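Nothing in this text is a laboratory measurement; each read-out follows from the coordinates by a stated rule. Values in this document were obtained by computation on a predicted structure and should not be read as measured data. Every residue, glycine among them, receives a Cβ derived from its backbone with ideal geometry; neighbour counts consider all protein chains shown.
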Amino acid sequence: MKTYIVGNWKLNFNVGESSIYLHKLQKKLPNYRDIEVVVAPSALALQSLSLQVDRHKVKLAAQNAFYRDYGAYTGEISFSQLRGLVDFCIVGHSERRHIFGEDDKMIQKKVAAAIRNKITPILCIGETESERAFGETADVIRDQVMGGLADVSEEDIDKVIIAYEPVWAISSTKASKYAAPDEVSEAVKLIRKTLKEIYGEKTAEAVPVLFGGSVNPSNAGGYLTVPGVNGILAGGSSLILSEFIDIIEVAKRVRS
Ligand code: PGA
């Protein structure tokens, strides 16, 4: 299976800055066959970057989209509008869940809409700090996996990526708040156990599972060597080109 290194730029970089970043990234990056490098810029930049991107080196992801293809949904962008521009879309990121009130029902529809439009959803799941403190981590992971994938058939599950992002570990400035590789390992086992229950053992193993939450070049190796982890979803460190490239280099070392 490929290793995915995904940079989630969130609400950063205007169109020009995004283009300069992509230009530099592509210049520095060799053509890694086993590593899928993906960046998720602002929706505003996707049209122009889709013309600039060298898909042999880098793929584009949207950060979010709406599940209806068209209609009276002011301010929304549909997966059908993104079709052809991006290969991936982040769905159900914790900031969408907690700041914009997205629930599993909406996320389920978005995952299905992505697949319908030939875009690979990167379904984000993860417990909050208080859910973990109350011992609810396993239930939350299970519910979010089941909820997000409720409309995904056995035939389509190989078109989905899951990203485990414990909410308490996102955007941490302190190393004490990083998730321990053991905690990631536990969560990934739970994700795969849930996938197995729904789709059977062989299929469960074929779904890429990424880890995200304050990943940087120093801790990336620890996460990438957790069994069952197939890549990284990086936020803050993906904004610094040299750090993002360093994470890709770590992935290359760990996988070879
Ligand atoms: P972070 O963000 O790497 O800045 O913690 C990850 C994410 O939210 O996807």
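Within the range 234-246, residues that are closer than 14 Å to ALA40 by Cα reach partners that are near the ligand (Cβ under 7 Å from one of its atoms) and among the hydrophobic types (A, V, I, L, M, F, W, C) with beta carbons closer than 8 Å, at six or more positions or on different chains, in the pairs ALA234/VAL215; GLY235/ILE170; SER237/VAL215; PHE244/ALA234.
How many residues are away from the ligand (no atom under 11 Å from the Cβ), within 17 Å of TYR164 (Cβ to Cβ), among the β-branched types (Val, Ile, Thr) and part of a helix (DSSP H, G or I) when one looks only at the range 211-256? Total meeting the criteria: 0.
To keep it simple, each residue is scored yes or no on (1) within 16 Å of the ligand (Cβ to nearest atom); (2) out of contact with any strand residue (DSSP E or B) (no Cβ under 8 Å at 6 or more places or on another chain).
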residue	(1), (2)
ALA150	no, yes
SER153	no, yes
ASP156	no, yes
PRO166	yes, yes
ILE170	yes, no
ASP182	no, yes
SER185	no, yes
LEU190	no, yes
VAL207	no, no
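Using the structure shown, decide if GLU154 is charged (D, E, K, R) and in contact (Cβ under 8 Å) with a residue 60 or more places away in the chain. No, not satisfied.
Looking only at residues of the range 213-233 that are of a type in the set (Ser, Thr, Tyr) and touching a residue at least 12 places away in the same chain (Cβ under 8 Å), we find that the one that is surrounded by the fewest Cβ atoms within 10 Å (Cβ to Cβ) is THR225.
Scanning the range 11-62 for residues that are part of a strand (DSSP E or B) and touching a residue at least 40 places away in the same chain (Cβ under 8 Å) yields ILE35, GLU36, VAL37, VAL38, VAL39, ALA40, ALA61, ALA62.
Among the residues of the range 84-136, the ones that are away from the ligand (no atom under 16 Å from the Cβ), among the polar types (S, T, N, Q) and out of contact with any strand residue (DSSP E or B) (no Cβ under 7 Å at 6 or more places or on another chain) come to 2 in all. Of all the numbered requirements in (1) within 28 Å of VAL37 (Cβ to Cβ); (2) part of a helix (DSSP H, G or I); (3) not hydroxyl-bearing (Ser, Thr, Tyr), ILE122 misses one, and that requirement is (2). Looking only at the range 235-256, how many residues end up being buried (at least 22 other Cβ atoms within 10 Å of the Cβ) and either among the polar types (S, T, N, Q) or in contact with a Phe, Trp or Tyr (Cβ under 7 Å, 6 or more places away or on another chain) (or both)? Matching residues across the range 235-256 total 1. One residue alone among ALA179, ALA163 is crowded, with 21+ Cβ neighbours inside 10 Å, within 18 Å of the chain's Cα centre (by Cα) and in a loop (DSSP other than H, G, I, E, B), and that residue is ALA179. Selection of the range 64-84 for residues being surrounded by fewer than 18 Cβ atoms within 10 Å (Cβ to Cβ) and either of a type in the set (Asp, Glu) or touching a residue at least 40 places away in the same chain (Cβ under 8 Å) (or both) yields ARG68, ASP69, GLU76. Given the criterion under 17 Å from the mean Cα position of the chain (by Cα), in a loop (DSSP other than H, G, I, E, B), surrounded by 15 or more Cβ atoms within 10 Å (Cβ to Cβ) and charged (D, E, K, R), identify the matching residue among GLU95, GLU127. Step by step, each of GLU95, GLU127 is checked, and only GLU127 is under 17 Å from the mean Cα position of the chain (by Cα), in a loop (DSSP other than H, G, I, E, B), surrounded by 15 or more Cβ atoms within 10 Å (Cβ to Cβ) and charged (D, E, K, R). If a residue must be within 14 Å of the ligand (Cβ to nearest atom) and within 14 Å of the chain's Cα centre (by Cα), how many such residues does the range 1-48 contain? Here the count works out to 11.
Among the conditions (1) part of a helix (DSSP H, G or I); (2) more than 16 Å from the ligand (Cβ to nearest atom); (3) touching a residue at least 12 places away in the same chain (Cβ under 8 Å), ASP139 misses just one, which is (3).
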